[in-house]
Structures are given as structure tokens and as C-alpha cells.
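**Q** Can you keep this structure in mind? I'll have questions shortly.
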Amino acid sequence: MFNHLFLDIDAGTIDWSRAQFALTAIYHWLFVPLTLGLAVIMGIAETKYYRTKDEFWKEAAKFWQKLFGVNFAMGVATGIILEFEFGTNWSNYSWFVGDIFGAPLAVEGIVAFFMESTFVAVMFFGWKKVSPGFHLASTWLTGLGATISAWWILVANAWMQYPVGCEFNPDTMRNEMVSFAEVALSPFAVDKFCHTVISSWIIGAIFCVAVCCWYLMKKRETKLATESMKIGVWVGLIAALLAGATGHKSAQSVGEVQPMKLAAMEALYNGGTDQGLTAIAWVNPFCQPDYANEESAPLKIEIPYALSFMATNDFNGYVPGINDILNGYTKPDGTVEPSVDEKIARGKKAIEALAAYRQAKAEGASDSMVNDQLSIIKANMKYFGYGYIKDKNDIVPFIPVNFWAFRIMVGLGCVFILYFIVLLLLIYDIPFFSVLTRRLLASVGLLPETMADAPRQLTGLPSWHYWTAIALVPLAYIASECGWLVAEFGRQPWTIQDMLPTWAAVSDLHASSVAFTFILFLILFSTMLAVEISILFKQIKKGPDHE
Amino acid sequence: MQKDSFLYKVFDLYYDGFRSMRLGRTLWAIILIKLVIIFVVLKLFFFPDFLKQNAKGDEAGYVATELTERAK
């Protein structure tokens, strides 16, 4: 994983740069999902006000907008630090990706600035200045602006995982965009966007439910809490179910373009057809398993055929394991995926041809000589990054992080679905099911006997009910961050899949200077997070402004 | 400026909004402090443009050398 943190050599620079980028991205991701999630909650609350003209809903909408505003303000600009890190710590990478990264990020910056600065202002300042319809549109457009921003960022991220719509120019040493549509509408980006944004709605919903439960526990703002909780439960349940569906689609994309990531997520050492999904197995969290010699992870309990279905939509589909990918395999359609050794040889050929091409051009060699080298580069560019791989095992990501992070994410996703279903049955009086749920909870002592037949009663429950909702907030963040761990650890060692490993992408910096800024960020981010949480808590304690 | 003109209404929205902020004042103060830290302190002192400093105008040549040498 991070093996070189205390080494004052190039490897130390790589690991500190990776750690710093991870820290910044994780910190930035604390704010983004809550912004996206609360945008839906506040939008629905204001829509209810628009439709009913009930002043209660205006107050509720304003309250959720206030919490949205605190989170938005604290998160704004934290993502810019990532761009600084590209320019300083990852300069080879930044140059190599060329305008492919620049274009989506520029669109994101412009759209975010204009949409958010306009509609956020109308949302907060415009209650008495614009019509209710225009205000409602501004509230939804604020959320849409944030979602569109997420789209462009995820397009840039998806390109690193599945580089499409580009061509490498050996003169400029940059990947140049040949199709904006291919980059912007890459199927990998679409799947990533859907799964990421929908899972963010779960965080917003859980946050909403937790705040409501806190009020119910304190026996205050009861109407706001019970009515807002209904919004939270519906948004949460729908989002959690959709996250499962989009997660399935994401896993298929990963299986197609990053089979090593899928194999690491599953600790699948040797693949084949009819593969079962590992429900649980013993994978030591601290060391890389001996995948070359073990048949499979020990104590493995699997769901038959489920991995084949997850990866290929076919219960009998073929899923390659780590050893298959390392040694080469034949796909079901008959195409042969070369072994990593073969890819390494072709990658070296591309790099040598690149050096020869540039030298030939500098020395004014004949066109045929230059073109010969150019055709070698083009023929082998697909495996360019493999030219930096010394040992084929270097392309295997750290399996334990992928394996456990994936299980934590999926496991918590299932917990959220179950929780929202139970809450829904407690809130609404759904014939048979609500009574059954209440009696079941009462029979195991989770609900007082007196409440077993009392529908829609959310106040006066044992306090652990409320604390469960509050405890789900950090768990929702853990699930979300685990998703990113799988996405980013799973593609190691690549900064750009198959094209550029981390040790070629990193700048030639001293490890200690990156370590210093890492510690600086740790202090800065911790302070800012403490400030945000304290302001957020203060506003929740204060409650809505009663007009 | 006419009070019912579009530009005045936009100006009034922001002017009146900023003037009557309560929690917003704290949030704007935090945003400004954060922006100063990010752009003045971090960018200027800790995150220089590495290629601009080291490539001396020939970024493509510098990256080409780096990428071909690191494969050896």
C-alpha cells in the first residue's frame, strides 16, 4: 500500500504525494455528497411549500437551506487544492493528460461559478424579491449546478480509469482530445456519475433523518422533524435502491475496462465461468495475500454465480482472476488478452520508439525514419505505461484495501436499505406490514409493548432508536469514502489506466517537502472540519427561524 | 438607475442580501480566510508550477526526458 513513507528517496515522494492527494480528496468528499444530498431535501421541502402554500414548509425549506449553506460554504474551493497538487506533485501526469483534463475542469469551473453564484444568491436572498416559482426554480437549479459540477469532475476522473477520445502526440508529449463527446459521455463516466451522485443522496437523507431524530429525542421541533423525516426516508430508500442498481452497472464497467480492480475487490486469484460472489473470506487486512500460490482466499463463503452475473449480466459469464490477468487469458468472444510480460515488452517498445522519434526529429532525420518510429509508437501506445513496470506483480493493487472497502460499502448499503424500510413502516400505516414490523420490534424488545399497535408514533421511542439514526451519519460517510477507496486503490499503480503509473507521473521532488505539506494539510483540514462541525451543530441546536 | 429596471433589481438582490446577512457573515468570513490561505499561502509558497520552474520553457522536452529516462 504505502510502503515508502519514511524513505527519503523517490519511492517516498510517490507515497507522500499519493497520501497527500488522498487526504485532500477525502476531505473534499466530506462536503460534496452532503451538498448534493441536501439539495434534494431542501428542493422537496420548498416544492411542498410551493404546492401547499403552507408557511410551515417555507420554514422547513429555509432550515434545510441554512444547513446546506453552512456545508456549501465550508466545502467551497477545497477541491482547488487538488489542482495545485497536480501542477506541483504530479507535473509529468499533468502535462501528459494535456487538454483532456483541462477541458472538463474548465467547464466545471465556469458552470459552477455562474450557476451557483446566481442561484445560490436568489435562494438565500430572494425570498421576498422574486416570485415563489422563480425561487423554487433557483433552489432546484442550485442543486442542479452542484450536480453538473460533479459531472465534469467525474468525467475527468473516469478518463483516468478509462482513457478514451484522445490521441497521444509525441511532439507535444500530450494526449490530445479527438472527441469531446467520447470523453464527456464515456460510458464509464456515466456509470460513475450515476452511482456517485445517487449515493450522495443517501448521505443527505441519512443526515436529514439524523437531525430529525435528534429533535424528536429532545422533544422539540416535532412537526419539522416528523414531516422532514418522511422526505428523508423516501429519498434515502429510493437512493439506496438505485445505488444498488447503479453499483451493479458500475461493477460491469469495471469488469470490462479494469478487470484487475474487480479481481482485487473480490480477492479472485483464479477466475473462470460460473463465478460466485464472495460474501466473506479471510483476507489479512495488513498484507498482500499469496495469490500466485493460493487457489482462493481462505474461509470463503460465496453466493453462487453472483459474481459472474454482477460482472457480465450472465450467471455463467467468464470473470478473469488476478493470475489470469497476469498470465494472459482468452475472452469469451475469442479475443486473447496478452500476458503482462507481453504488455511490458510492447510498452518498452513504445517508449524506446518515443525516444528514437524525438531524437530523429531533433537531428533532422528523414521522414521515413521519423514515420517508422511514429508507427511503432501508435501500434504499442495502448500498453505505453507497461514500459515502466519492472515486475508483472507490480500491477496488482493492494488486495486487502479493495476487498474490505468493497464489502464495507456494500454491507452498509444493505443496512441503509433495511433501516429505511423499517423507518418507512414505522412512519406510515401500511396495512399488515407496519403492524407486523412494530410487533416484531416489540417482540424482541426493540419497541415498547404499548407502541406495538400505535401507528405513526415517532416521539417517545427508546433513545437508542434516535441514536441509531445519528450513528448512521458517520457510517454513511464511511460507505461513501470506501467507494472512493475501491475506485482509486483498485486502479493502482495507474494514474492513467495502462498509460502512466504513479512512479512515472510524479514530479522529481524531495519527499520531505511533500511530507511537510501533507502535515500542514492535516492540521488545516482538521481545523476547518472542526469549525464546520461546530457551526453545523450550533445551527441544528438553534433550529429553524420561527417567523 | 430606474428602480424597476432589471439591473437595479439584481443589484438590490445582492446588496440587500449581503446587508441583512447574519450567519452568512460568519460563513463569508470563513470563505475569505480560506481563499487567502489557499491562493496566497498555499499556492504561492508551497505549490509552485513545477514544470515552469524546471523545464525552462521546453515543457515537452523536459517531460519526454523524464518519461523516457524513468523507463530505464
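Listed here are the residues, each with its yes/no results for (1) out of contact with any Lys or Arg (no Cβ under 8 Å at 6 or more places or on another chain); (2) of a type in the set (Phe, Trp, Tyr); (3) on the phi > 0 side of the Ramachandran plot; (4) in the same structural domain as A:Ser94 (by TED's automatic domain parsing).
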| site | (1), (2), (3), (4) |
| --- | --- |
| A:Val120 | yes, no, no, yes |
| A:Trp127 | no, yes, no, yes |
| A:Val130 | yes, no, no, yes |
| A:Ala150 | yes, no, no, yes |
| A:Val164 | yes, no, no, yes |
| A:Glu167 | yes, no, no, yes |
| A:Pro170 | no, no, no, yes |
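**Q** So how many residues does the stretch A:110-136 have that are surrounded by 15 or more Cβ atoms within 10 Å (Cβ to Cβ) and assigned to a helix (DSSP H, G or I)?
**A** Qualifying residue count for the region: 14.
**Q** Quick check on A:Lys392: is it in contact with an Asp or Glu (Cβ under 7 Å, 6 or more places away or on another chain) and surrounded by fewer than 21 Cβ atoms within 10 Å (Cβ to Cβ)?
**A** For A:Lys392, the condition - in contact with an Asp or Glu (Cβ under 7 Å, 6 or more places away or on another chain) and surrounded by fewer than 21 Cβ atoms within 10 Å (Cβ to Cβ) - is met.
**Q** Between A:Phe207, A:Phe193, which is within 24 Å of A:Trp159 (Cβ to Cβ) and assigned to a helix (DSSP H, G or I)?
**A** After applying the criteria, what remains is A:Phe193.
**Q** While we're looking at this one, here's another question. Taking the stretch A:425-446 on its own, how many of its residues are over 19 Å from A:Val233 (Cα atoms) and not in a helix (DSSP H, G or I)?
**A** Residues meeting the conditions: 4.
**Q** Search the stretch A:311-335 for residues that are touching a residue at least 40 places away in the same chain (Cβ under 8 Å) and pair each with any residue that is among the basic types (Lys, Arg) and surrounded by fewer than 14 Cβ atoms within 10 Å (Cβ to Cβ) when their beta-carbon atoms are under 8 Å apart and the residues are at least 6 apart or on different chains.
**A** As it stands, the answer is A:Tyr318/A:Lys331, since those pairs meet every condition given.
**Q** How about the stretch A:306-339: which of its residues are of a type in the set (A, V, I, L, M) and in contact with a Phe, Trp or Tyr (Cβ under 7 Å, 6 or more places away or on another chain)?
**A** A:Ile322
**Q** For the stretch A:63-115, give me each residue that is aromatic (Phe, Trp, Tyr), closer than 18 Å to A:Met499 by Cα and within 8 Å of another protein chain (Cβ to nearest Cβ).
**A** A:Trp95, A:Phe96, listed by residue number.
**Q** Turning to a different aspect of this structure: Whether any residue in the stretch A:205-227 is outside the structural domain of A:Leu475 (by TED's automatic domain parsing), on the phi > 0 side of the Ramachandran plot and more than 24 Å from the chain's Cα centre (by Cα) is what I want to check.
**A** no
**Q** Identify the residue in the stretch B:1-32 that is among the small types (Gly, Ala, Ser) and part of a helix (DSSP H, G or I) and, among all such residues, is farthest from the other protein chains (Cβ to nearest Cβ).
**A** Among residues in the stretch B:1-32 that are among the small types (Gly, Ala, Ser) and part of a helix (DSSP H, G or I), the one farthest from the other protein chains (Cβ to nearest Cβ) is B:Ala29.
**Q** Go through the stretch A:208-234 residue by residue and tally those that are surrounded by 21 or more Cβ atoms within 10 Å (Cβ to Cβ) and of a type in the set (Ser, Thr, Tyr).
**A** 2
**Q** A:Glu167 passes all but one of (1) part of a strand (DSSP E or B); (2) touching a residue at least 60 places away in the same chain (Cβ under 8 Å); which number fails?
**A** Going through the list (1) part of a strand (DSSP E or B); (2) touching a residue at least 60 places away in the same chain (Cβ under 8 Å), A:Glu167 breaks only (2).
**Q** Separate question: For the stretch A:492-547, give me each residue that is closer than 14 Å to A:Ala19 by Cα, among the small types (Gly, Ala, Ser) and surrounded by fewer than 19 Cβ atoms within 10 Å (Cβ to Cβ).
**A** Scanning the stretch A:492-547 gives A:Ser512, A:Ser513.
Residue by residue, here is whether (1) assigned to a helix (DSSP H, G or I); (2) among the polar types (S, T, N, Q); (3) farther than 30 Å from A:Leu299 by Cβ holds:
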site	(1), (2), (3)
A:Glu227	yes, no, yes
A:Ala239	yes, no, yes
A:Thr246	yes, yes, yes
A:Ser250	yes, yes, no
A:Gly255	yes, no, no
A:Leu262	yes, no, no
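**Q** Right, something else. Collect the residues in the stretch B:33-72 that are polar (S, T, N, Q) and either more than 8 Å from chain A (Cβ to nearest Cβ) or touching a Ser or Thr at 6+ places or on another chain (Cβ under 9 Å) (or both), keeping them in residue-number order.
**A** Within the stretch B:33-72, B:Gln53, B:Asn54, B:Thr65 meet the criteria.
**Q** Read through the list (1) more than 14 Å from chain B (Cβ to nearest Cβ); (2) at pLDDT below 90; (3) over 22 Å from the mean Cα position of the chain (by Cα), then give the number of the only condition that A:Glu167 fails.
**A** With (1) more than 14 Å from chain B (Cβ to nearest Cβ); (2) at pLDDT below 90; (3) over 22 Å from the mean Cα position of the chain (by Cα) applied to A:Glu167, the lone miss is (2).
**Q** When the residues of the stretch A:110-164 are filtered to those that are under 25 Å from the mean Cα position of the chain (by Cα) and hydroxyl-bearing (Ser, Thr, Tyr), which remaining residue is modelled with the lowest pLDDT?
**A** The residue in question is A:Ser149.
**Q** Now a separate question. Cβ-Cβ distance below 6 Å, separation of 6 or more or different chains: which pairs start in the stretch B:19-38 with a residue that is touching a residue at least 24 places away in the same chain (Cβ under 8 Å) and end on one that is surrounded by 14 or more Cβ atoms within 10 Å (Cβ to Cβ) and among the acidic types (Asp, Glu)?
**A** Pairs that qualify, where the first residue is touching a residue at least 24 places away in the same chain (Cβ under 8 Å) and the partner is surrounded by 14 or more Cβ atoms within 10 Å (Cβ to Cβ) and among the acidic types (Asp, Glu): there are none.
**Q** In the stretch A:241-300, how many residues are surrounded by fewer than 21 Cβ atoms within 10 Å (Cβ to Cβ) and at positive phi?
**A** The qualifying residues number 3.
**Q** Select from the stretch A:499-518 the residues that are assigned to a loop (DSSP other than H, G, I, E, B) and either touching a Lys or Arg at 6+ places or on another chain (Cβ under 8 Å) or hydroxyl-bearing (Ser, Thr, Tyr) (or both) and list them in ascending order.
**A** The one that is assigned to a loop (DSSP other than H, G, I, E, B) and either touching a Lys or Arg at 6+ places or on another chain (Cβ under 8 Å) or hydroxyl-bearing (Ser, Thr, Tyr) (or both): A:Ser507.
**Q** If I go through the stretch A:523-547 residue by residue, how many of them are in contact with a Phe, Trp or Tyr (Cβ under 6 Å, 6 or more places away or on another chain) and not assigned by TED's automatic domain parsing to the domain that holds A:Lys62?
**A** 1
**Q** Considering only residues that are at pLDDT 95 or above and β-branched (Val, Ile, Thr), which ones fall in the stretch A:327-343?
**A** Within the stretch A:327-343, just A:Val340 meets the criteria.
**Q** So A:Val370 ticks every box in (1) in contact (Cβ under 8 Å) with a residue 24 or more places away in the chain; (2) among the β-branched types (Val, Ile, Thr); (3) within 30 Å of B:Thr65 (Cα to Cα) but one. Which box is left unticked?
**A** Only one criterion is unmet by A:Val370, namely (1).
The values are calculated or read from the model by the stated rules, or taken from the named source; none is laboratory data. On a predicted model such as this, the values are computed, not experimentally measured, just so you know. Cβ coordinates were reconstructed from backbone atoms using ideal geometry, including for glycine residues, and neighbour counts include every protein chain displayed.
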